[in-house]
Structures are given as C-alpha cells and as structure tokens.
Amino acid sequence: MSDAIDLPARVRESLADSFDDARAAVRAGDAETALEHVEEASRVLGHKVPPSPLKEKLKHGVAAVERTAADEPLVASEYLRLMSQLVQP
C-alpha cells in the first residue's frame, strides 16, 4: 500500500499527470518540456503534500530528474515512472 493514500485524489492525480507528462517528454528527447512538467509537480509537492517520507522520496526524485533529464533520459524516465507509481493509491 502506498503512502499516497493519505493525499487528496486531486493532488495524487495532479502529481501523477505531471510525472507521466514529463516522462513522455523526456522519452521523446524534449528535456525542456519534461523539466516544465517536473517544475509543476514540484510546486504541487511544495504546497499540497504535507511533510512525510513520501514527500522526501518525491523531492529526491524531482532533484534527480532535474539533474538527468538532458544527459541521461533513461535514468530520468525511470525516476518519473517510479514517482508516478508512488503517488498512486
């Protein structure tokens, strides 16, 4: 069972959509668009997710994607896939 079960459905959906859209962009070679979606997820994370182990995992993943999206898209894609899974109930 996921830690995300405590998050409101809208927050989970927003984060999952952002991570999924970012993953599609990074897989298409569009790191700039991917990072825009990650930035959107980061804003939601900062404002809507209470302090928790889940938030720390997601913050780590966001930072990893920011570092790897342009030069290591496969790594970024995997982080995004896992973060999307983390926010699913």
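Please name which of Pro53, Val65, Ser18 has its Cα lying farthest along the dipole of the stretch 6-89 towards the positive end, using unit charges on Cβ (Lys, Arg +1; Asp, Glu -1) and the Cα centre as origin.
Working it through, the farthest residue towards the positive pole turns out to be Pro53.
Starting with the fewest neighbours, write out His60, His37, His47 ranked by other beta-carbon atoms found within 10 Å of each beta-carbon.
Working: His60 12, His37 22, His47 8.
Ascending number of Cβ neighbours within 10 Å: His47, His60, His37.
If I histogram all Cα-Cα distances within the chain using bins 10 Å wide from 0, what percent of pairs lands in each bin?
Whole-percent P(r) values from 0 Å outward: 20, 57, 21, 2.
How large is the dipole of the chain about the Cα centre if only Lys and Arg carry +1 and Asp and Glu carry -1, each at its Cβ, rounded to the nearest 20 debye? Show your work: numbers first, answer last.
Values: 11 positive and 16 negative charges, 71 e Å.
It works out to roughly 340 debye.
For n ≥ 4 DSSP H runs only, could you compute -39500 (n - 2.57) per run for the chain, divide by its residues and tell me the 222 nm figure to the nearest 500? If you can, show how the numbers build up before the last one.
On the way: 4 runs with 67 residues, N = 89.
Here the helix-only value at 222 nm equals -25000 deg cm²/dmol.
Computed from the coordinates by the stated procedures, all read-outs in this text should not be read as laboratory data. Keep in mind that this is a model prediction, so the values were computed, not measured. As a convention, Cβ positions derive from the backbone with ideal geometry for all residues, glycine included, and neighbour counts pool all protein chains shown.
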